[in-house]
Every structure is written in C-alpha cells, then in structure tokens.
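Working notes, structure below.
Derivation of every value follows stated rules applied to the coordinates shown; laboratory data play no part. For clarity, every value in this text was computed on a predicted model and none was experimentally measured. Cβ coordinates were reconstructed from backbone atoms using ideal geometry, including for glycine residues, and neighbour counts include every protein chain displayed.
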C-alpha cells in the first residue's frame, strides 16, 4: 500500500512538471512572454480579506511575501512590455485547508486590447488544458443569486438577506454589511452549485466588490467587470478588466485599509510605485490569476491540494 501511494505521488509530480511545460507552451503560442517579478517587497498589495506573510530584511525592515505578482506586472505593462504572464509561488497568511496552502502556485497573465468576454474564454481554454474539454456557461452575479436563491440582491434589503441566512442556520453570526451578507449567501448557496456540468464563469460582480476592476452600468445596476471561474464548486480563476484610474485605485486601497482596521487587522503600506505606474499610463487590458495547484487537484481527482504539491505546509 505504501509503495502504491509513493508511486502515485511520483506520477503526479511528473505530471505536474509536464503541465508546467504545457502552461508555458499555451502562452508561447499566443505571443505572451514570461516575466518573473519579485516575490518579496517592502511594499504590499492591500486587500481587506487577504493577509500577507511578513519577513524582515537585515533584521529591521519589514517586507512582505507577495500574494500575487500583480503590482509588479502592471509596472511592467506601464513600461510598454506588452502581453505577459508569470508562473509563480505566492503566499497568503492563515490559509490552510483542503483547497488552501500558505504557499501555492499561481498562473497570472495580462492581455492588451482584449475584451472582457474574450478574457473569460481564454481563461477557460487554459483550464481545459488540465481537465479536458468542458462547456462554458457565463452567468452574471445577479442572475446567479436569482437562480439559486431567488432574490434580486440589488433590490433586497439587509433584513431579507439576513432572514434567508437565519432560516438556513439559526446559529450563524450574521453581519450587518451588505457585502459581507452577499459573500455568505454566495458561499453557502451559489458556489457549491457552480461548474457541476462544465465550467461556470460568474461575471459582473457588484461594484462594491470591484477590487482592481473597472466598473460599468448594466441595466439598473453599477457592476464590476470582474469574473471568477468554477468547476465542480471549486473556484479556479479571478479576473478583471483592469482599472486604469489612479485616483479611483488609490481611493479603493485606502478603503481596503480602513476595512482591515475595522476587522481588527493591521493596515498595510500602499505601493506608491504601483500607483505611479498607473499614473504613467496602463494600456487597456484584462488580467487573470488561476490557481495551478487546484487545477492539478481536479485533474487527478485527489481529496486535497497537499496531494499535488511536492511538500505541503505540514511537511515543508
């Protein structure tokens, strides 16, 4: 039994090497060049819900292991490098579980002059490298909540959303903020049902959840040009039509830090070099990050992410 397990592990790691080659070939065929931005920086990406792992340089200066190479890649975009990708280890504090490891492999890429919908399709093509040909269904965030919960979140009150959650679990600690309620509703009722019969792209998030995405009006709603792709209820990709407005970006970063403080977390230093790149001018582009290890997990139908990496956190 032990020998069989070891043979399976070696087989998966061999296939992992093969899929890293396939990923690079995918981008090479599309004229997207590989870059390798730093993993460690004295500046930080700021997100209310993502915590960074700090490190010390020379015993005194606090630095951060990056949670994404995004800021560095956008600095290169502002210099005119063109379409780029990075296959990189990234780091997130406190994330450990079936689908999580504090250190994991991410494929991230940026494409100029490509539409939001075309980026969704290209991301689906990348995912198909790992899991085979699967149909893609694109559904808006609003439509997904209507379909799976029966509420129009644009018109629903906080009380109505709280009632749905209370009926599901009377012991839930219910938040009072709209976005926190939406995240709970999405996680409990919608995400587990996405990607059951193929790939599901959840698109056009509420504008309040735009992060680094552009926003636009659709019908009576202000939405973010943001998408996530799911397969078998597992989130695999998070993509944006990238925000170019430096004033709006700075405002969002400050708001994220304020939100961190209200959650009892430390605020993080805003990356002025990233903002300077936006000020110098970023080409109209779309970007996406895809979890490589989760793709390997689904490809080999394993129970957890630890089965498809050389050494997970408990054995690192």
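In table form, for the structure just shown:
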| read-out | value |
| --- | --- |
| Per-residue [θ]222 nm for the chain (sum of -39500 (n - 2.57) over DSSP H runs n ≥ 4, rounded to 500) | -11500 deg cm²/dmol |
| Separation between Cα centres of the range 281-298 and the range 84-135, rounded to whole Å | 3 |
| Potential extension, residue 193-residue 262 segment - 0.36 nm per residue separation minus Cα distance | 21.7 nm |
| For the range 201-316: relative contact order, % (alpha-carbon pairs under 8 angstrom, 6 or more apart) | 20 |
| Dimensions in Å of the range 111-253 - Rg and Dmax from alpha carbons | 15.9, 48 |
| Distance (nanometres) between label positions extended 7 Å along Cα→Cβ at residue 208 and residue 129 | 3.8 |
| Cβ-based exposure ranking for 215, 302, in which fewest neighbours within 10 Å come first | 302, 215 |
| Inverse mean reciprocal Cα-Cα distance (Kirkwood Rh) of the range 188-316, Å | 17.2 |
| Shape category assigned to the range 1-111 from the gyration tensor of Cα positions, a/c cut at 1.5 | oblate |
| Stretch gain in nm, segment residue 137-residue 28, where the contour uses 0.36 nm per residue and the Cα spacing is subtracted | 36.6 nm |
| Virtual paramagnetic centre 7 Å along Cα→Cβ of residue 301, amide N under 16 Å, in the range 9-53 | 12 |
| Fewest-first sequence of 90, 234 by Cβ atoms within 10 Å of each Cβ | 234, 90 |
| Additional length obtainable on full extension of the chain from residue 158 to residue 50, 0.36 nm per residue less Cα span | 36.4 nm |
| Rounded FRET efficiency, nearest 0.05, which uses the C-beta distance separating residue 176 from residue 284 and R0 of 45 Å | 0.75 |
| 110, 99 arranged by Cβ crowding within 10 Å, fewest neighbours leading | 99, 110 |
